[in-house]
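Right, one structure below, let's go through it.
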């Protein structure tokens, strides 16, 4: 009885393994671990440079990097100059291939 159960589990596992591999995460941006590490390193560099700039409104900017080094900036800044500075900082960061910004300007009342 135990041999039949073990054999059945082995057969089912063998049949289902290719389906599990096919159904794996299809997000090609994060498919390879090194791509994810590279993306994270670029994002961290940009965030560190934004923090070093000492402009308070730059703290409300989110940074995301895709597998090709394209950086997306979003969030809010107090002035257009601060938003432009964030874009300049991102463009000047090693590994960045392009920068897209959807930073909105929010003036404090």
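The values are calculated or read from the model by the stated rules, or taken from the named source; none is laboratory data. Source: prediction; values computed, not measured. So basically every Cβ, Gly included, is an ideal-geometry build from the backbone, and we count neighbours across all protein chains shown.
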| query | What single numbered condition from (1) surrounded by fewer than 13 Cβ atoms within 10 Å (Cβ to Cβ); (2) at pLDDT 90 or above fails to hold for residue 31? | reply | (2)
| query | Among the residues of the range 84-109, which ones are buried (at least 16 other Cβ atoms within 10 Å of the Cβ) and closer than 15 Å to residue 51 by Cα? | reply | 85, 86, 87, 89, 90, 93
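Yes/no matrix, rows are residues, columns are (1) modelled with pLDDT under 85; (2) surrounded by 13 or more Cβ atoms within 10 Å (Cβ to Cβ); (3) in contact with a helix residue (DSSP H, G or I) (Cβ under 7 Å, 6 or more places away or on another chain); (4) in a helix (DSSP H, G or I):
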position: 14; (1), (2), (3), (4): yes, no, no, yes
position: 42; (1), (2), (3), (4): no, yes, no, yes
position: 74; (1), (2), (3), (4): no, yes, no, no
position: 82; (1), (2), (3), (4): no, yes, yes, yes
| query | Quick check: is even one residue across the range 74-87 without any contact (Cβ under 8 Å) to a residue 24 or more places away in the chain and within 12 Å of residue 43 (Cα to Cα)? | reply | no
